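All remarks here apply to the structure that follows.
The values are calculated or read from the model by the stated rules, or taken from the named source; none is laboratory data. Fair warning: this is a prediction, and the values are worked out from it, not measured in the lab. Glycine gets a Cβ as well: all are built from the backbone with ideal geometry, and neighbour counts include every protein chain shown.
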Amino acid sequence: MPCASRSRLSLVLAWFFGAAVAAGVFGCKRQAAAPAGAPPASTPPVPAASEARAVARLDYGKPGDPVHLVVGFQPYYSEAWSALVVNGLGLWKKHLPPQSTVEFKVGLQGAIIVNAMLAGKEHIGYVGDMPGIVAATKRNVADLRIIANIGLSHDQCNVFLTRIDAPQFSDGAAAVKWLDGKKVAVPKGSCTDRFARAVFKKQNINPGEYLNQNIELITSGFRGNKLDGAVVWEPTASRLVTEGLARRVATGNDFGENDGALIDARADLIQQRPDVIKAWLEAELEAELFLADPKNSQAVARFAKEQTTGFDEKVLWQSLFGSYPASVGGSPVRLTVPFGFTADGLELIKRSTAFLYEVKSIGIPELPPDAVLPGFTEEILKEHGLRAPVGEIRASSELAAK
């Protein structure tokens, strides 16, 4: 069973409250920074990391050698569940060099994964759009690049909830209007924060209090009737609704606001082992095609149950595959799986970067041109005769989950 499935609820709560992550042990050696050699001609060109200052690089061996990877993933963020499929089906074993090993490390938020990657403790990370972008701006610490767009949606991160005794609303706009002057919480700097601020600006809404709270505090706030509203991501949104702690009232579908998930990788891994990056993305493509096949929805929910703690399998299924009425922000499509970079995905990255700069989370208004590396996914899609996006998950009735 994957190591993630052995997590205990106490550890989960500690993570939510910001406890430090125990350092993992992995089999990569450190070496002094040196100019990277050019990758083989058959691989997409990878820029050198000359901008990084005094950053230790890791040694991953020569192309074709076995490699040991530590992969950060988010089983508590359903938009990034392709990682659960890679892990649950062991797809990496089909593509990485023989005798390679992979350790999957749970991160309850993308920032935790990014910090581990910056410290050299993780090499590949499945993250939301916001932490994925922040990671690509930290070259003075370590050089990380965005190599794939694994999810686009309007209601995986962008979900408005209200307290259970809020009035009944005719639509999402009316629900958000009700929050004017009231107490609202979000994890600031996240995709939920970007979404909430964008909607409040569009609708000319000014909450009385706009609190920076993590998911566990938001849960406690609804339980104790201390919050009027919040914006959270799936599968937590579906769990709070199912447990009767909050009501889903609006999503990005109501306001034309999307959200996303990315894969980031360390630049030293990209430079030394383009064969490993391509192999990993081959496994990722296979996972996304599996994820988008309706007959696999129960298997995906089972993988999520095995790799999380404290969630019912039916709730996990609902969070990614279940349908919601249009009156609470539902739509026919729950998730698009691009794999590569589409115009919508690149626009989201640009818009999110501008937001992060506006709120002073990063120091640049635009990413460097080489922060996003589309070459690997483009090459793989061409070899398979595919185009981005490679699939979508359409909302299903509850009957389909039984």
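Quick look at the values:
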| read-out | value |
| --- | --- |
| Test result for residue 355, closer than 26 Å to residue 251 by Cβ, part of a loop (DSSP other than H, G, I, E, B) and either in the same structural domain as residue 280 (by TED's automatic domain parsing) or touching a residue at least 40 places away in the same chain (Cβ under 8 Å) (or both) | no |
| Unique match (being assigned to a loop (DSSP other than H, G, I, E, B) and at pLDDT 95 or above) among 125, 61, 132, 72 | 61 |
| Tally of residues being β-branched (Val, Ile, Thr), within 19 Å of residue 318 (Cβ to Cβ) and crowded, with 24+ Cβ neighbours inside 10 Å across the stretch 242-269 | 2 |
| Criterion: of a type in the set (Lys, Arg), buried (at least 21 other Cβ atoms within 10 Å of the Cβ) and at pLDDT 95 or above - qualifying residue of 194, 223, 239 | 239 |
| Search result, residues across the stretch 77-115 that are out of contact with any strand residue (DSSP E or B) (no Cβ under 6 Å at 6 or more places or on another chain), outside any helix (DSSP H, G or I) and modelled with pLDDT of 95 or more | 77, 81, 89, 90, 91, 96, 97, 98, 99, 100, 106 |
| Scope the stretch 222-245; condition more than 22 Å from the chain's Cα centre (by Cα), of a type in the set (Gly, Ala, Ser) and under 21 Å from residue 194 (Cα atoms); matching residues | 229 |
| Subset of the stretch 330-356 (residues that are of a type outside the set (Gly, Ala, Ser), crowded, with 17+ Cβ neighbours inside 10 Å and out of contact with any Leu (no Cβ under 8 Å at 6 or more places or on another chain)) | 341, 355, 356 |
| Unique residue being touching a residue at least 40 places away in the same chain (Cβ under 8 Å), among the aliphatic types (A, V, I, L, M) and surrounded by fewer than 24 Cβ atoms within 10 Å (Cβ to Cβ) when the list is 148, 175, 166 | 166 |
| Residues that are under 17 Å from the mean Cα position of the chain (by Cα) and either over 19 Å from residue 109 (Cβ atoms) or not charged (D, E, K, R) (or both), drawn from the stretch 246-265 | 252, 257, 258, 260, 261, 262, 263, 265 |
| Within the stretch 110-133, considering residues that are within 14 Å of the chain's Cα centre (by Cα) and surrounded by fewer than 24 Cβ atoms within 10 Å (Cβ to Cβ), the one farthest from residue 152 (Cα to Cα) | 112 |
| Residue 389, sole failed condition from (1) buried (at least 19 other Cβ atoms within 10 Å of the Cβ); (2) touching a Lys or Arg at 6+ places or on another chain (Cβ under 9 Å) | (2) |
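The rows are residues; the columns are (1) closer than 22 Å to residue 308 by Cα; (2) outside the structural domain of residue 284 (by TED's automatic domain parsing); (3) touching a residue at least 60 places away in the same chain (Cβ under 8 Å); (4) among the aromatic types (Phe, Trp, Tyr).
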position: 61; (1), (2), (3), (4): no, no, yes, no
position: 65; (1), (2), (3), (4): no, no, no, no
position: 70; (1), (2), (3), (4): yes, no, no, no
position: 80; (1), (2), (3), (4): yes, no, yes, no
position: 94; (1), (2), (3), (4): no, no, yes, no
position: 98; (1), (2), (3), (4): no, no, no, no
position: 105; (1), (2), (3), (4): yes, no, yes, no
